[in-house]
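What follows is a short report on a single structure.
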Amino acid sequence: MIKAKIVGAGGYGGVGITELLLRHPHAQIACLVDTENVGTPMSGLYPHLTGFCDTKIIAPNDPLALEPADVVFFSTPDGVGMQFARADLDKGAKVIDYSGDFRFNDLTEYAEYARRIGREPQHKSPDLVAQTVYGVAELHRGEINAQRRLVGNPGCFAISCLLGLSPAMKHKLVDFGSLICDCKTAVSGAGKKPAPVFHYPARYDNMNVYKLTGHQHVMEVERELGLLAGQKICVTFTTQVVPMCRGIMSCCYGTLAAGVTPEQVMEAYQSFHQGNAFVRICDRNSGVGTVHVRGTNYCNLIVDVDARTNRLRVISHIDNLMKGQAGNALQNMNLLFSLPETTGLDRPAQYP
């Protein structure tokens with residue numbers, strides 16, 4: 001069995017990976033680590049886990065937390081993984097980090113990312129940056145393998161947009177200068193924050209844009225799309241919060257390149273995602289929404305061409321806490337341990 005340690009177990013990302021590991025046939029939870037709620041059973045924080053995970057949360061310096069594990073999930077804010085991942089790597093563990101600490105192989109790119117989120121631009125473990133792999137299996141499946149030990153899980157907006165636009169970039173379906181990502185996220189994307197703007201009265205019946213000066217996830221989107229396009233890419237990227245618990249809907253647009261037909265668009269998308277078990281291409285009239293991926297690792301894409309404006313429009317739906325976080329992390333774990341990437345993840349959403 002794969003022994004898993006979860007650091008930051010008390011947050012939404014921590015409980016998400018806990019729920020998934022409890023159902024995984026080849027993994028078990030070795031310990032749950034956090035700086036808050038130490039001594040509290042996981043089921044005390046999250047009563048729905050009563051009888052399933054009554055394990056107590058322990059402090060980072062607890063002897064049990066210092067024991068070797070096979071895989072360590074850092075469900076932690078930026079700056080934590082870069083300071084503490086090395087200790088687990090030195091003990092032979094594989095590390096999957098949820099934050100932006102290991103999403104970039106280039107220190108200059110990391111410095112720009114850090115400035116966007118208000119952190120010091122110097123990486124605390126610069127030598128590890130070159131060893132990390134960007135954890136989007138649909139783009140880097142061949143690199144996320146048993147020889148790898150460090151994975152940077154993608155941002156939730158980033159994976160939503162990348163799954164939606166990557167086929168268009170690879171097959172040069174659109175004018176590369178015309179890309180727009182209009183993204184709406186549920187409130188849980190902010191994590192367990194006490195800030196007044198996330199209180200129920202402030203969020204109910206209210207939606208708003210934020211980070212118009214530049215959301216940090218756009219860096220991942222532009223880098224990965226640029227790799228596919230073979231040139232520098234700039235995207236108009238607008239993020240909004242809507243009064244929902246979980247889910248992301250990203251509406252991605254691009255002007256069709258000369259001579260590209262709707263039939264070629266659909267063929268390109270079907271071909272690109274043919275081997276991606278968690279990406280589903282949906283009919284434009286199917287009426288799918290975020291509820292149809294809730295609690296799953298799936299991404300539902302509606303692919304359409306607006307003939308009036310000659311624009312490609314791709315509507316991407318994910319659960320921000322699953323494909324945008326814990327589910328994708330488990331998919332990466334499966335690949336790191338040479339398991340089928342759908343292990344423990346291939347299940348439908350619950351409806352309604």
(message) Out of everything in the stretch 90-122 that is assigned to a loop (DSSP other than H, G, I, E, B) and among the small types (Gly, Ala, Ser), what residue ends up being nearest to residue 211 (Cα to Cα)?
(response) 118
(request) Please verify whether the stretch 240-255 includes one or more residues that are in contact with a Pro (Cβ under 6 Å, 6 or more places away or on another chain), modelled with pLDDT of 95 or more and in the same structural domain as residue 187 (by TED's automatic domain parsing). (result) no
(message) Kindly evaluate residue 300 against the criterion of being closer than 27 Å to residue 19 by Cα and not aliphatic (A, V, I, L, M).
(response) yes
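Table: residues versus (1) in a loop (DSSP other than H, G, I, E, B); (2) touching a residue at least 60 places away in the same chain (Cβ under 8 Å).
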{"position": "286", "(1), (2)": "yes, no"}
{"position": "291", "(1), (2)": "no, yes"}
{"position": "312", "(1), (2)": "no, yes"}
{"position": "324", "(1), (2)": "yes, yes"}
{"position": "335", "(1), (2)": "no, yes"}
{"position": "339", "(1), (2)": "yes, yes"}
{"position": "343", "(1), (2)": "yes, yes"}
(request) Those residues that are within 22 Å of residue 95 (Cβ to Cβ) and polar (S, T, N, Q), I need them from the stretch 343-352; list them, please. (result) 343
(request) Check 164, 142 and return the single one that is out of contact with any helix residue (DSSP H, G or I) (no Cβ under 7 Å at 6 or more places or on another chain), outside any strand (DSSP E or B) and farther than 23 Å from residue 320 by Cα. (result) 142
(request) Being more than 22 Å from residue 328 (Cβ to Cβ) and assigned to a helix (DSSP H, G or I) is the filter here, so list the residues in the stretch 68-89 that pass it. (result) 83, 86, 87
(message) I'd like the full set of residues that are more than 21 Å from residue 140 (Cβ to Cβ), touching a helix residue (DSSP H, G or I) at 6+ places or on another chain (Cβ under 6 Å) and surrounded by 18 or more Cβ atoms within 10 Å (Cβ to Cβ), limited to the stretch 190-222.
(response) 203
(message) Suppose we keep only residues that are crowded, with 17+ Cβ neighbours inside 10 Å and touching a Gly at 6+ places or on another chain (Cβ under 9 Å) within the stretch 130-149. Which one would you say is farthest from residue 289 (Cα to Cα)?
(response) 149
(request) Determine which single condition residue 280 fails, assuming it passes every other condition in (1) of a type in the set (Lys, Arg); (2) assigned to a loop (DSSP other than H, G, I, E, B); (3) closer than 30 Å to residue 2 by Cα. (result) (2)
(message) Quick check on my filter: what residues within the stretch 167-205 are under 16 Å from residue 303 (Cα atoms) and either without any contact (Cβ under 8 Å) to a residue 60 or more places away in the chain or part of a helix (DSSP H, G or I) (or both)?
(response) 167, 168, 169, 170
(request) May I ask you to say which residue of 80, 71 is closer than 28 Å to residue 221 by Cβ, within 21 Å of the chain's Cα centre (by Cα), β-branched (Val, Ile, Thr) and crowded, with 22+ Cβ neighbours inside 10 Å? (result) 71
(message) Here is a check on your reading of the model: is residue 15 assigned to a strand (DSSP E or B), surrounded by 14 or more Cβ atoms within 10 Å (Cβ to Cβ) and either at pLDDT below 95 or β-branched (Val, Ile, Thr) (or both)?
(response) no
(message) Please pick out the residue among 184, 192 that is within 18 Å of residue 249 (Cβ to Cβ) and either more than 13 Å from the chain's Cα centre (by Cα) or at pLDDT below 95 (or both).
(response) 184
(request) Return the total of residues in the stretch 269-302 being surrounded by 20 or more Cβ atoms within 10 Å (Cβ to Cβ) and over 20 Å from residue 225 (Cβ atoms). (result) 7
(message) Against the definition (over 15 Å from residue 132 (Cα atoms) and surrounded by fewer than 24 Cβ atoms within 10 Å (Cβ to Cβ)), how does residue 61 come out, yes or no?
(response) yes
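The values are calculated or read from the model by the stated rules, or taken from the named source; none is laboratory data. Here the structure is a predicted model, which is why all the values come from computation and not from measurement. Because the Cβ atoms are built from the backbone with ideal geometry, glycine has one as well, and the counts that use them run over all protein chains shown.
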